[in-house]
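The values are calculated or read from the model by the stated rules, or taken from the named source; none is laboratory data. Everything numeric in this text was worked out from a predicted model, so none of it was measured. Because the Cβ atoms are built from the backbone with ideal geometry, glycine has one as well, and the counts that use them run over all protein chains shown.
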Amino acid sequence: MKKLISVFLLLATLTSVGQLKTGEKVPPYIFKEILNGDKKSFDISRQDKPLILEFWATYCQPCIPAMKDLEQYQLKFGNQLEILTISTDKKNNLLRYIDNTKTSLKIAYDSIHPDVFSYQHIPHTLLIDKKGFIKAITTPDQLTEKIIADLIAGKDIELKTKEDKPTNQNLFNEVKNQFYQYTLTGENKNVSFQNEIKRNENNEPVSLEFNNVSIYRLLTDIYELTTAARLDVNLDSISKNKYCFRLEHAAGYNKNILDHAKEILNEISGFKARLIEKTIDSIYTLQVIDSTKLPRNSSNQKSSMEFGGAHFKGINITTNQVIYYLENTTLLPVKDKTGINFSFDMNLDWSYEVPKTLNEELKKYGLKLLKSDVPEKITLLEIK
């Protein structure tokens, strides 16, 4: 029960704090992983001396010389001042920095704090007096010995507040907490097209990254449908805009990442998508013709799929991935009637010039692709 209450209080803190302002009380927060020094954690609400919070990363070019300056300020003012540096950088990078520089500055590794301290760019610096009030929101290059001496003496700090607007003006939404992180933006001309659903050794999706894709391409991949023939939508109305979407789950967060992506996109993308059942005339079905030849998983390798034209190779895959290939080949919906509910390996090499060779290859695995002679009910993706 105590653990549940702690999680609830943490979530309440994450969702209740907005953009911080000079003159406000700094929000209560515990940095739970100090990577060096004699303290393992740092509770900012328990500090009784002036405090500088410095948000940085090893990949941030202006951050590195600033860290050296901050260390000199800490050495000069000693116990009159506390300086804590915080980063969402990879822990190994931070440990390497500590080892290489032998810095005496306290360095905290923390991935949750951006939801509380609400900054867009690093370096980012907060000056906090001994009573816990924010005296300045700035960058480390603006600090001088006089400003720090004034902070210690409890005097007003004459510094212009840092402008901290998002670089990407097309940013629709960005969320980062201890459970997951995602961003949804418009087209980014600085990156190339990408649509990737990473899977673990059990073929379960664990992260999503899409760059410069149409909304229908994004949604069909997330809903695990495949071709335009599976869509119930006017493509001319939505296919002109491109989007970038990235979603990652923390280890141990048990929510299905594809279901989570559907919820996010339906909430913030401006489109509403749902799966519907509809009866259509032109359709293929994938059926079992010899259960003794059904494909099997011959290895414990990570799931992978590659195809081009009349070649298909899948390792530790599902029938959904075979359907994906077949629908992109036939350009018609393919209904799975195999009943296969396990992962397997498959290798198809056939000839476009001789279409029957596709079924000759499928026959090796006890399967056949048939054109349905009656209307079939099929799952479609409706987008509004």
* Quick one: would you say L143 is crowded, with 17+ Cβ neighbours inside 10 Å and in the same structural domain as G23 (by TED's automatic domain parsing)? -> yes
* With P355, P295 as the choices, which residue is at pLDDT below 90, buried (at least 18 other Cβ atoms within 10 Å of the Cβ) and more than 24 Å from I215 (Cα to Cα)? -> P295
* To do: Output the number of residues of region 202-219 satisfying the condition of being assigned to a helix (DSSP H, G or I) and either touching a residue at least 60 places away in the same chain (Cβ under 8 Å) or not assigned by TED's automatic domain parsing to the domain that holds R230 (or both).
  => 3
* To do: Please specify each residue of region 269-282 satisfying the condition of being surrounded by 14 or more Cβ atoms within 10 Å (Cβ to Cβ) and either under 21 Å from the mean Cα position of the chain (by Cα) or within 15 Å of R217 (Cβ to Cβ) (or both).
  => S269, F271, A273
* Asked: Can you name the number of the only condition in (1) assigned to a strand (DSSP E or B); (2) in contact with a Pro (Cβ under 7 Å, 6 or more places away or on another chain); (3) modelled with pLDDT under 85 that E174 fails?
  -> (2)
* Considering only region 364-374, state which residues are within 20 Å of P333 (Cα to Cα) and of a type outside the set (S, T, Y). => L367, K368, L369, L370, K371, D373, V374
* Got a sec? Which strands (runs of 3 or more DSSP E) wholly within region 61-155 have at least 1 residues that are among the polar types (S, T, N, Q) and under 30 Å from T183 (Cα atoms)? -> 82-87, 124-128, 134-138
* Structure fact -> In region 124-145, anything over 19 Å from A57 (Cα atoms) and polar (S, T, N, Q) is listed as T144
